[in-house]
1. Could you go through the range A:147-158 and let me know if any residue there is within 16 Å of ligand 2 (Cβ to nearest atom), closer than 20 Å to B:GLY188 by Cα and of a type in the set (Phe, Trp, Tyr).
2. Given the range B:1-104, what helices (runs of 4 or more DSSP H) lie entirely inside it while holding 2 or more residues that are surrounded by fewer than 17 Cβ atoms within 10 Å (Cβ to Cβ) and over 18 Å from the mean Cα position of the chain (by Cα)?
3. Pick from the range A:52-64 the residues that are within 20 Å of A:SER112 (Cα to Cα) and away from ligand 2 (no atom under 16 Å from the Cβ): which of them is surrounded by the fewest Cβ atoms within 10 Å (Cβ to Cβ)?
4. Check A:VAL214, A:VAL201, A:VAL175 and return the single one that is of a type in the set (A, V, I, L, M, F, W, C) and within 16 Å of ligand 2 (Cβ to nearest atom).
5. So which of B:THR17, B:THR28 ends up being closer than 20 Å to B:GLN169 by Cα and modelled with pLDDT under 95?
6. Which of (1) more than 16 Å from the chain's Cα centre (by Cα); (2) part of a loop (DSSP other than H, G, I, E, B); (3) β-branched (Val, Ile, Thr) is the odd one out, the single condition B:THR141 does not satisfy?
7. Assess whether A:VAL38 counts as being without any contact (Cβ under 8 Å) to a residue 60 or more places away in the chain, of a type in the set (A, V, I, L, M), buried (at least 17 other Cβ atoms within 10 Å of the Cβ) and within 13 Å of ligand 1 (Cβ to nearest atom).
Amino acid sequence: MNQAVISCLHANLPAVEAVLKDIELQGITNITCLGDLVGYGPQPNEVIELIKEKKIATCQGCWDEDVVDGLDACDCSYPSQIAERRGHFAHQWTTEKLTKENKDFLANLPYSIRKDKCLFVHGSPNSQHEYLLPDMDAFAALERVENAKAEILFCGHTHQPYIRELANGSIAVKVKNSGSKDIQKKEMNLPMRRIVNAGSVGEPRHGGTKATYVVYNDITNDVKIREVEYDIELTCKAIINAGLPPIFAWRLKNGFEFAERAEDASHVCER
Amino acid sequence: MIERWALISGLKGDLDTYELIQKDLKKTPGNITLFVLGDMIGPEKNCNKLLHRLINPKSNDLQPWCIYGWWEEQILLESGYRGNQRAEALRINKGEEVVKSLINAVDKSFLDWIAALQFGFVELDCGLIHGSSKDVGDDLTLDTPPLTLLDRLTRLQVNRLFTARSTQQFHLELTEGILNSEVHDLTGNHKKEQKVPQKAVIGVGAGKNYTLYDVGTDNTQFVRAGYQSEKKKNGFGLHF
Ligand SMILES: [Zn+2]
Ligand SMILES: [Zn+2]
């Protein structure tokens, strides 16, 4: 059966509506959301209410966590001080705009959702703030899936959709200085695992302007990346009218941005 | 002259053992650097004398280079050095009595020194840490899945990781490894084959059991303080 996985909605209502429409047109009713309902965008309450109304299973994203717990992400999440200031401003703006009810909703979202062999998280099983980029060290990537006892790990947070298959792996180890003459050796085969990044509905960073998400077929194990057009102008106008930094509108329109991409993918926030 | 590291941990306030190790090291040939990988303190003994000695080495002592360990982290937590968090894991696992004993074992005047200790050292291509780069309580042993060991090495970007948390002594080499990665994104398919470069994780032991590391030859020697002569007879370090 086909199921849809969406992530990083970032308070962009026209994008969320367009993606949900696209999912509906395919007859898919099973939807999982990987968080970041808010942040950057101008319609945080509207997006949360839509997700609630549709009863979409959702995990907590980095923005959802920070809006509730206060800014805890270390500064290294931002490549420059200007980007950091903009991020903090958006955080402040979102915190003020959110209703108490919607803040409570974000506060009570789970860190992860497990369905059979699939684990759904925002960043990684370690942290909502860890980036699993497509070129991350393959063994480290496999460790994330294995340690989480999953076969397929669905994540978001990087805003770049991808499907990564890690296969035909093996590691050989040797115990040196074991006190006995025969040195113990062992070799083990590593299991095949997959990481699926759902991209971003409301804040794409894959080079294009379209909203992205993925469709997973749990019978054939097939995963497809979907790109969906939405009314970008509408969101851009709302960003400007809300008094949010105009660069947030600029980068949606130009579909290319590095402003808030983590520079060090292997970095894990020590919180 | 041969460059050697002496790696000790888990003294938990035991000044006698520390003195025994200092005595051993004076007889050990080479240019020795002494690293103390945490757990200088613990709840069992009063730790003030040992801490005083580590901070103010005697004139003929090897200078100790210290980092903090799991027990140091517990006392810092409990003493309010980590914001609102307290040593809850310790409290749940070992009970209130142990938390109290730990607090009583260390004079408050040492807390600032403990709080200023580093999490780990990176020397050459080696990481020296109490647990791992993931967590000070990360318990790495011979039985830890190699994938996890590799992850801890990768996080620190080192080829050798010296760890103490498990209290075990071992030298595990990751000799070979391969993994195929295929990424499909909106630009197409990208295949890559990744290999494991030679890396190792070394458990340094605790208390009287410590490790000598020969930087030039990458050889480890597992030693028990005060048993130097026995070690020579065997031609091997003692293994536990
Ligand atoms: Zn996001
Ligand atoms: Zn995020």
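The values are calculated or read from the model by the stated rules, or taken from the named source; none is laboratory data. The shown structure was predicted, so the numbers you read here are calculated from the model rather than taken from an experiment. With ideal geometry, Cβ positions are generated from the backbone for all residues, glycine too; neighbour counts draw on all protein chains shown.
1. Of the residues in the range A:147-158, the ones within 16 Å of ligand 2 (Cβ to nearest atom) are A:153-158.
Pick out the ones that are also closer than 20 Å to B:GLY188 by Cα and you get A:154-156, A:158.
So of that shortlist, the ones also of a type in the set (Phe, Trp, Tyr) come out as A:154.
Yes, some residue in the range A:147-158 is within 16 Å of ligand 2 (Cβ to nearest atom), closer than 20 Å to B:GLY188 by Cα and of a type in the set (Phe, Trp, Tyr).
2. Numbers: elements: B:15-27, B:48-55, B:70-78, B:88-94.
Ranges flagged: B:15-27, B:48-55, B:88-94.
3. Restricting attention to the range A:52-64, the residues satisfying the condition of being within 20 Å of A:SER112 (Cα to Cα) are A:52, A:54-64.
Still in the list and also away from ligand 2 (no atom under 16 Å from the Cβ): A:52, A:54-57.
Working: A:LYS52: 14, A:LYS54: 14, A:LYS55: 8, A:ILE56: 17, A:ALA57: 14.
That would be A:LYS55.
4. On the way: A:VAL214 fails: within 16 Å of ligand 2 (Cβ to nearest atom); A:VAL175 fails: within 16 Å of ligand 2 (Cβ to nearest atom).
Result of the check over A:VAL214, A:VAL201, A:VAL175: A:VAL201.
5. Details: B:THR17 fails: modelled with pLDDT under 95.
Checking each option against the conditions leaves just B:THR28.
6. Among (1) more than 16 Å from the chain's Cα centre (by Cα); (2) part of a loop (DSSP other than H, G, I, E, B); (3) β-branched (Val, Ile, Thr), the lone unmet condition for B:THR141 is (1).
7. Details: without any contact (Cβ under 8 Å) to a residue 60 or more places away in the chain: no; of a type in the set (A, V, I, L, M): yes; buried (at least 17 other Cβ atoms within 10 Å of the Cβ): yes; within 13 Å of ligand 1 (Cβ to nearest atom): yes.
No: the conditions fail for A:VAL38.
Matching residues to (1) outside any helix (DSSP H, G or I); (2) within 10 Å of another protein chain (Cβ to nearest Cβ); (3) within 30 Å of A:ARG164 (Cα to Cα):
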position	(1), (2), (3)
B:PHE170	yes, yes, no
B:THR175	yes, yes, yes
B:GLU193	yes, yes, yes
B:ALA206	yes, no, no
B:THR217	yes, no, no
B:VAL223	yes, no, no
